[in-house]
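Engineer: Following this message is one structure expressed as structure tokens.
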Amino acid sequence: MVDRPNKPQALVTTPGLPHKPRSTSHMTTLAWKDRAGNERLWLSDAAKLDGSKAVRGGIPLVFPVFGTAPDHEPTSKLPQHGFARNSRWDFLGKSTTESSGQTDASVKLDFGLSKATITDEAKKLWPFSFSLIYSVTLTPDALRTGIVITNDGDQPFEFQTLLHTYFRIGDINKVSVSGLEDAAYIDKVDGAKEKQQAGDVSIAGEVDRVYHPANPSTPVVISEGGESKFSIVRETLGDVVVWNPWTEKAQGMGDFEPKDGYKNMICVEAGSVKGFTKLEAGDAYSGEQVITV
Ligand code: BG6
């Protein structure tokens, strides 16, 4: 791998694994440095990195259910946000492209998860034949994370998925999110009422919203003090969750440290979570986000 400041030192590996034909690890993108060496993702000081709990920070992958879905029978028994973020993934390989000017150089890491590799417990809770490839691509100015979900079985299944990105920011009070103007959203902190966004999103208390923008190709931009910090362009992933736990929720999460860390993070999560997506036998679904700083 080329040594550059924004190399993906980001992936959790668990030392001391028993020997397996391919390497496996709990897999969450934990960190991403920009050209200047500044960390751009938020990671809790108390995040569990040993696989005993989903990582509080970075970019955990939500699949096959967002939150819990007691009324959706096939996913009703699954834990919050499904099993993918707590599973051991196979490392499938690395590919790099180099260029003389380094402007389009990239490194791509691929990880796989399937019915054959999840735990027996997860299989019992969600017995479908699937495979998932999660790709993390790093270029000098962007981080690209993508998923391909394939139905390997002989019956359809329904899923939700989300790239649960924790962005690091300086001061939540100065943050605004554009690209969601006029979008319909479900307000999870106000009885799941359906509302419509007026103007940019700003955060002045607990926010937990599922946006369904009419035009999914409009970039979602996180700005701070009027200056653009991150631009998120989505492929296929039609919904955007905006989450900040604010004071009380942060207090209630044992793995959220420091407790005032909510001031330095905002989750803007690209996904497909409004209703369920049906995948017919043999079909595949792909989705991606490209984050540019
Ligand atoms: C967000 C949800 O995506 O994730 C919130 O909209 C939830 O409702 C948050 O609280 C964190 O979830 P978890 O399971 O990582 O604590």
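The values are calculated or read from the model by the stated rules, or taken from the named source; none is laboratory data. If you're wondering where the values come from, they're calculated on a predicted model, not measured in any experiment. Ideal geometry is used to build each Cβ from the backbone, glycine not excepted, and the neighbour counts take in all protein chains shown. The protein model used for the area step is the full one, side chains on, heavy atoms only, and it has no ligands, DNA or RNA in it. Shrake-Rupley method; radii C 1.70, N 1.55, O 1.52, S 1.80 Å.
Engineer: Please determine, by comparing only the residues of the range 127-156 that are in contact with a Phe, Trp or Tyr (Cβ under 7 Å, 6 or more places away or on another chain) and in a loop (DSSP other than H, G, I, E, B), which one is most open to solvent (accessible area, probe 1.4 Å).
Structural biologist: Here the answer is D152.
Engineer: Here is a further query. Looking at the range 233-246, is at least one residue among the β-branched types (V, I, T), in contact with an Asp or Glu (Cβ under 6 Å, 6 or more places away or on another chain) and in contact (Cβ under 8 Å) with a residue 40 or more places away in the chain? Please lay out each step first, then the result.
Structural biologist: Step one: list which residues in the range 233-246 are among the β-branched types (V, I, T), which gives 233, 236, 240-242.
Still in the running and in contact with an Asp or Glu (Cβ under 6 Å, 6 or more places away or on another chain): 241.
Cutting the leftovers down to in contact (Cβ under 8 Å) with a residue 40 or more places away in the chain gives us 241.
Looking for residues that are among the β-branched types (V, I, T), in contact with an Asp or Glu (Cβ under 6 Å, 6 or more places away or on another chain) and in contact (Cβ under 8 Å) with a residue 40 or more places away in the chain, one finds at least one in the range 233-246, hence yes.
Engineer: Of the conditions (1) more than 16 Å from the ligand (Cβ to nearest atom); (2) free of Cβ contacts under 8 Å to residues at least 24 places away in the same chain; (3) open to solvent by 30 Å² or more (accessible area, probe 1.4 Å), F91 satisfies every one except a single condition; which number is it?
Structural biologist: (2)
Engineer: Another question, then. Grab the strands (runs of 3 or more DSSP E) fully contained in the range 190-293, keeping just those with 2 or more residues being away from the ligand (no atom under 15 Å from the Cβ). Spell out the reasoning first.
Structural biologist: Details: elements: 193-196, 207-212, 220-224, 227-235, 239-244, 265-279, 284-292.
Answer list for the range 190-293: 193-196, 220-224, 227-235, 265-279, 284-292.
Engineer: I'd like to check something: does the range 108-122 contain any residue that is in contact with a Gly (Cβ under 7 Å, 6 or more places away or on another chain) and among the acidic types (D, E)? Steps first, answer last, please.
Structural biologist: Just the residues of the range 108-122 that are in contact with a Gly (Cβ under 7 Å, 6 or more places away or on another chain), to begin with: 110.
Right, trim to among the acidic types (D, E) and you get 110.
Scanning the range 108-122, I find at least one residue that is in contact with a Gly (Cβ under 7 Å, 6 or more places away or on another chain) and among the acidic types (D, E), so the answer is yes.
Engineer: When only residues in the range 157-174 that are more than 13 Å from the ligand (Cβ to nearest atom) and assigned to a loop (DSSP other than H, G, I, E, B) count, which is surrounded by the fewest Cβ atoms within 10 Å (Cβ to Cβ)?
Structural biologist: In this case the residue turns out to be D171.
Engineer: In the range 175-189, how many residues are in a strand (DSSP E or B), surrounded by fewer than 21 Cβ atoms within 10 Å (Cβ to Cβ) and either in contact (Cβ under 8 Å) with a residue 24 or more places away in the chain or of a type in the set (F, W, Y) (or both)? Quick ask: steps written out before the conclusion?
Structural biologist: So the first thing to find is which residues in the range 175-189 are in a strand (DSSP E or B), and the list is 175-178, 184-187.
Checking the rest, the ones that are also surrounded by fewer than 21 Cβ atoms within 10 Å (Cβ to Cβ) come to 176, 178, 184, 186-187.
With either in contact (Cβ under 8 Å) with a residue 24 or more places away in the chain or of a type in the set (F, W, Y) (or both) added as a condition, the list becomes 176, 178, 184, 186.
The qualifying residues number 4.
Okay, residues lined up against (1) open to solvent by 60 Å² or more (accessible area, probe 1.4 Å); (2) modelled with pLDDT under 95; (3) within 14 Å of the ligand (Cβ to nearest atom):
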{"site": "T24", "(1), (2), (3)": "no, yes, no"}
{"site": "W32", "(1), (2), (3)": "no, no, no"}
{"site": "R40", "(1), (2), (3)": "no, no, no"}
{"site": "P64", "(1), (2), (3)": "no, no, no"}
{"site": "G67", "(1), (2), (3)": "no, no, yes"}
{"site": "P70", "(1), (2), (3)": "yes, no, no"}
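Engineer: List pairs: first in the range 24-41 and over 30 Å from I118 (Cβ atoms) and in contact (Cβ under 8 Å) with a residue 24 or more places away in the chain, second of a type in the set (F, W, Y) and open to solvent by less than 20 Å² (accessible area, probe 1.4 Å), Cβ under 6 Å, 6+ apart or cross-chain?
Structural biologist: As it stands, the answer is R40/W32, since those pairs meet every condition given.
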